[in-house]
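The structure appears right after this line, and notes come after that.
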Amino acid sequence: MPLHDNIRILREQKALSQRDLAKKACLNTATICRIETGQNKPQPGTIRKIAMALEVRPEELLEEQLRLIR
């Protein structure tokens with residue numbers, strides 16, 4: 001599953017709004033929206049912030065991308 005879908009699904013499973021996730025990750029709500037719609041590809045630091053806010057490892061968000069590299 002693409003990164004943006006992983007983020008959205010995990011956020012929804014944790015019953016967080018985009019605004020809630022943005023606040024927990026110290027990011028702008030618009031940034032979360034653009035990432036979840038695939039308009040932006042987040043930098044590694046942003047991925048780490050989102051993973052920490054969702055209480056998962058960054059590798060879990062990047063699951064499909066890492067599989068393609070292997």
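The values are calculated or read from the model by the stated rules, or taken from the named source; none is laboratory data. These figures come from a predicted structure and were not determined experimentally. Please note: Cβ atoms are built from the backbone with ideal geometry, for glycine as well, and neighbour counts cover all protein chains shown. These accessible areas exclude ligands, DNA and RNA; they are computed on the full protein's heavy atoms, side chains included. Shrake-Rupley method; radii C 1.70, N 1.55, O 1.52, S 1.80 Å.
Structure above, values below:
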quantity	calculated
Subset of the stretch 11-28 [assigned to a helix (DSSP H, G or I), closer than 10 Å to A53 by Cβ and not acidic (D, E)]	R11, L21, A22, K23, K24, A25
Residue satisfying all of: in the stretch 44-70; among the hydrophobic types (A, V, I, L, M, F, W, C), buried (at least 17 other Cβ atoms within 10 Å of the Cβ) and modelled with pLDDT of 95 or more; farthest from N6 (Cα to Cα) among these	A53
Filtered residues of the stretch 18-47 (kept if among the polar types (S, T, N, Q) and in contact with a Lys or Arg (Cβ under 8 Å, 6 or more places away or on another chain))	Q18, T29, N40
Residue in the stretch 43-55 that is of a type outside the set (A, V, I, L, M, F, W, C) and in contact with an Asp or Glu (Cβ under 9 Å, 6 or more places away or on another chain) present	no
Flag for K41 being part of a loop (DSSP other than H, G, I, E, B) and open to solvent by 60 Å² or more (accessible area, probe 1.4 Å)	yes
